[in-house]
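Written below as structure tokens is the structure these notes are about.
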Amino acid sequence: MAEVYIPSCLRPIDNDGLKQLGEQGKAAPDTIKTLKSKTVLEGQFKNLNYIRDLPAIVVDEPPGLLGEDTAPNPSEMALLSLGSCLSVGVQANATARGINLTKLEISLEGDINITAVWGTGDVDPDKLLGVREVRAFFDIEADCSAEELEDLVQHATKWSPVANTYMNKVPVTPSLVK
């Protein structure tokens, strides 16, 4: 039987680089960065999404929503973005606090009302659309107390850009390209 290697901690991030990023943020607290993406409809509900020079990220719908089921749907992508952002925040803050992580898994559940069917179904003007609640379950193993982990998770969630996108009202301004 082959021996299985289990790392003593997850692959770390550069602590000095993290400190430099933190100092940059303190030095210019009003800095806003514009993120950009481009979405190209391939057909049916399958979209190819481009960010920076990375390969296309496919987004689709499941068969129950008339898609081909080739990839996560847009709401699922938002949920996985939240999970990734929370993970980054936990790892960054664990590093800053000198906590070594040996396991970090985040399971998310999001409740969403989809009865408006993109504006073709129940379009009651008082209907609240979008994700109504998200539950995040953190499974973390680290060299610290449960209280320190709880504080770490709460702090990382409070400062997560994606969590704040869920928690705060964000204007979306549509316009046609001229």
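What does the convex hull of the alpha-carbon atoms of the stretch 40-150 project to on average, in nm²?
Spelled out: convex hull of the Cα atoms, projected over all directions, averaged, 9.8 nm².
Could you give the DSSP H helices of the chain that reach 24 angstrom or more along their long axis (alpha carbon positions) and whose average Kyte-Doolittle hydropathy is no lower than 0.5?
Membrane-span-like by this criterion, though nothing is claimed about a membrane: 74-96.
So how many Å³ per residue does the convex hull of the Cα atoms of the stretch 88-142 work out to?
Value for the stretch 88-142: 96 Å³ per residue.
Within the chain, how many Lys pairs sit with Cα atoms under 18 Å apart, leaving out pairs fewer than 8 places apart on the same chain?
5
Just from the alpha-carbon atoms, what are the Rg and Dmax of the stretch 111-162 in angstroms?
Cα-based Rg and Dmax for the stretch 111-162 come out at 17.7, 52 Å.
Suppose each label sits 7 Å from its Cα in the direction of the beta carbon; what would the residue 96-residue 118 distance come out to in nanometres?
Reported label-point gap for residue 96 and residue 118 is 4.0 nm.
For residue 42, which sequence-distant residues (separation of 5 or more, or a different chain) have an amide H within less than 5 Å of its own amide H, given hydrogens modelled in the peptide plane?
It is 47, 48, by chain and number.
Based on the mean of other Cβ atoms within 10 Å per residue, sort peptides 59-67, 19-27, 128-136 so the most packed one is first.
Packing proxy ranking, top to bottom: 59-67, 128-136, 19-27.
All of the numbers you see were taken from the coordinates with simple rules; none came from a lab. As the structure is a prediction and not an experimental result, all values here were calculated from the model. We place every Cβ from the backbone using ideal geometry, glycine too, and count neighbours over all the protein chains shown.
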